[in-house]
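Heads up: the structure comes next, in structure tokens.
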Amino acid sequence: MLYSGELRAEAVAEFDLAEYLHHRQEIVNNELERAVLPAYPEQLFDSMRYSLMSGGKRLRPALCIAGCEAGGGTAETALACACALEMLHTATLIHDDLPAMDNDDYRRGRLSNHKVFGEAIALLAGDALLAYSLEFLMLNTRGVPPDRMLRVMQILIQMVGVDGAVGGQVVDLSYEGRDIDLETLEYIHTHKTGALLVAAVVTGAVLAGADEDTITRLRSYAQKLGLAFQIVDDILDVTSTREVLGKTPHKDEQAGKATFPRLLGLDASRRRAAELITDAKRDLAPLGVRAVPLLAIADFVGVRMS
């Protein structure tokens, strides 16, 4: 007889994450294609679509759907929120790449938005996606009680604002070329990158009507996963190439960015990421096979280091 932990390990081993992510990517891409159609003013919509439809794994939408499934819901319930998260994420990437921010000429293997449309239109396209993401969520979510919708909206607004991505970016910029302690570095990573990963998993669970214990466990999982994800990104910036990354490598070092390899070294950074992934998976233990996609995604983040 298999115990629950063994059953879960067996289920993860048999789970086809590539197929799962591909299917979620496909349904999200189809929905996004319909969500942002060419319109007037053409330059703005072209800019929005250029970045929104530029590829990518759609990891945040997949996490939202997986969070909903772990909470007892369905992919259909989470689809509008998953698309809204991708719009929010795309907006942050457009703004991140601007010369006043991280100043990167490439994103997902092609020219950054501002290199094609200019800085002003790129800035406005990001703003438009931020606003439209919430409108799209409200207009396209079906069968979810108003109190859950309000909670989802609050989480998204918080995680993209001063307590999330924006706050993390500000602290990140303020520490360029400066010494940094571990606590501040973790603040940057958990806010600038981790916040939207937390938002993805938790909003999915809220939409499903999950109980508070499940939501707490999923939030803890996502917080650890988000920090591990960014540590791995820091490592890849040092060890990988533009062809693999889809963006310019070694940018963090050249800009004097605060990163885990810079503070701890590569080996210690790898160990820290691996510990976080292990702890994140432990948070999911009581959820059983419903959490298998989330467990597999955690393993996937770890594999990126190798």
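Figures for the structure shown
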read-out: Accessible carbon and sulfur surface of the chain relative to its total accessible area, %, 1.4 Å; value: 54
read-out: Positive minus negative residues near Ile231 (Lys, Arg vs Asp, Glu; Cβ under 9 Å); value: 0
read-out: Relative contact order of the stretch 1-112, pairs being alpha-carbon contacts under 8 Å that are 6 or more residues apart, as %; value: 21
read-out: Accessible area per residue, Å², the chain with all protein chains present, probe 1.4 Å; value: 45
read-out: Charge tally in the Cβ shell below 12 Å around Gly265, where Lys, Arg are +1 and Asp, Glu are -1, Gly265 excluded; value: +2
read-out: Taking the chain and dividing mean pair separation by its residue count, relative contact order in percent (alpha carbons under 8 Å, at least six apart); value: 23
read-out: Long-range amide H partners of Tyr106 with built H, under 5 Å; value: Ser112, Thr248
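The values are calculated or read from the model by the stated rules, or taken from the named source; none is laboratory data. Bear in mind that the values here come from a model prediction, so they are computed numbers and not experimental data. With ideal geometry, Cβ positions are generated from the backbone for all residues, glycine too; neighbour counts draw on all protein chains shown. With ligands, DNA and RNA removed, areas are computed over all heavy atoms of the protein, side chains included. Shrake-Rupley method; radii C 1.70, N 1.55, O 1.52, S 1.80 Å.
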